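The block underneath contains the structure these notes are about, expressed in structure tokens.
Each reported figure results from applying straightforward, stated rules to the coordinates on display, with no laboratory input. Worth saying up front: this structure is predicted, and the values here are computed from it rather than measured. With ideal geometry, Cβ positions are generated from the backbone for all residues, glycine too; neighbour counts draw on all protein chains shown.
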Amino acid sequence: MAYDIRTINTVRDRYPEGGRPEVWKDTSQKDWDSWIWQQQKRIKNMEQLEKVIHVTDDERSAFQNSHEMFNMGITPYYAALMDKDDPNCPIRLQSVPKGGELVIAPEDMEDPLAEERDMPVPGITHRYPDRVLFYTTHNCAMYCRHCTRKRKVADPDSAASTNQLEESLAYIERTKSIRDVIISGGDPLSNSDDRLEYILSRLRAMNHIEVFRLGSRNLVTLPQRITDDFVKMVKKYQPVYIHTHFNHPKECTREAFDACARLADVGCPINNQMVLLKGVNDDAKIVKELNHKLLMMRVRPYYIFQCDMSQGISHFRTPVEKGIEIIEKLRGWTSGMAVPHFVIDAPGGGGKIPLIPNYVIRRDGKKWLLRNYKGGQYVYNEP
Ligand code: SF4
């Protein structure tokens, strides 16, 4: 039987009567499908959240003690995917505060990837010779509880001003070694189409810039953002790669499928960067299901990130072996396209370090004794 992602996991399936939770049942379809409406109606306090789920004492007290440090902000669309009775629902774990956030482990760091250290001008991290990270906003459609940039994201005072944007563009323009620009944030799709078009057109006019990447979680948390007008605009500046962040198969909804299709149809390759999160996706079966769904959505599973050593996310961290075990259970057991790279983004700015299961049993000079995914042993002789 053909597998059709469109038949599963829609908000409508969860709420067949009105197509959405009670609190939004009278909302017009036009409003529900509008990304502006979704952003404006984000859930930001307990009173609003209690209208959608049965909030636990831990969630309530975690919100009270954390919201001044890191906002809560959940789009109605993403909230509608939550299980209202299960506090361990993977959608809920990623969006509703938990007590674990208040624990700062001794090894936690404010800026584990040393992004601030490698900033030649505010708003640009330039660590590798040929590519830069370009921060254009610090807003996001939803504030992920596991965010590595909690120090910046959701802080209205840290958003990029017009002056900063110009300084960043000027830096990219005069630095001819840069060929790849990762437009990041926060979420760059929190910018208006006009502001994004300004950025993309300025970059495309620079002869040394070959590709851009837009790093956005909107495909997951606000798929309504991927409008026809937006993709029409992006199409003018190809090649534009999209790097997104699906963490669980429950996020692979019809709405997300349509958003990915609109981007893929205008030629944007889409890569997924999953973060390994305890209780959300630290299970090879879940990752396999997610990756199979992503491939159906024309999204390539690209990275699995070990959870960074940022402050307030230690409750999400898994042992490093878990990531290696997941790769071991994918490689060979499913198509190679569904096997991403498991990496640790090295603390202190060391960059991404891949970790893979060890398939070399022994090497004798030119003779390599290897094992395959089933444990079978094979000898390869070098010439
Ligand atoms: S979308 Fe990305 S930057 Fe924004 S809160 Fe989530 S993880 Fe952080």
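I'd like the distance separating the alpha-carbon centroids of region 223-251 and region 264-290, in whole Å.
15 Å
Taking the Kirkwood radius as the inverse of the mean 1/r across Cα pairs, report the Rg/Rh of region 124-354.
In region 124-354, Rg relative to Rh is 0.95.
Quick one: length gained pulling Ser177 to His54 fully straight, 0.36 nm per residue minus the C-alpha distance?
Using 0.36 nm per residue and subtracting the Cα-Cα distance, I get 39.0 nm.
Taking 0.36 nm per residue of separation and subtracting the Cα-Cα distance, what length does fully extending Met109 through Asp33 add?
That works out to 23.5 nm of additional length.
Given points 7 Å out from each Cα along the Cα-Cβ axis, report the Glu166 to Asp265 separation in nanometres with one decimal.
Using points 7 Å along Cα→Cβ, the separation is 3.9 nm.
Do the sum for the chain: with -39,500 (n - 2.57) for every DSSP H run of n ≥ 4, divided by all residues, what is the mean residue ellipticity at 222 nm, to the nearest 500 deg cm²/dmol?
Details: 14 runs with 111 residues, N = 383.
So the calculated ellipticity at 222 nm is -7500 deg cm²/dmol.
On full extension of the chain, what length is gained from Ala346 through Asn45, given 0.36 nm per residue of separation minus the C-alpha to C-alpha distance?
Here the answer is 104.9 nm.
Between Asn88 and Lys367, how many nm apart are label points set 7 Å from Cα along the C-beta direction?
A separation of 5.0 nm, rounded to one decimal place.
Could you calculate, for region 160-295, the ratio of the Cα radius of gyration to the Kirkwood radius, expressed as Rg to Rh?
1.01
Can you figure out the FRET efficiency of Tyr380 with Leu295, using R₀ = 30 Å and their beta-carbon distance, to the nearest 0.05? Intermediate results must be reported in sequence, preceding the final value.
Working: r = 30 Å, r/R0 = 0.99.
It comes out at approximately 0.50.
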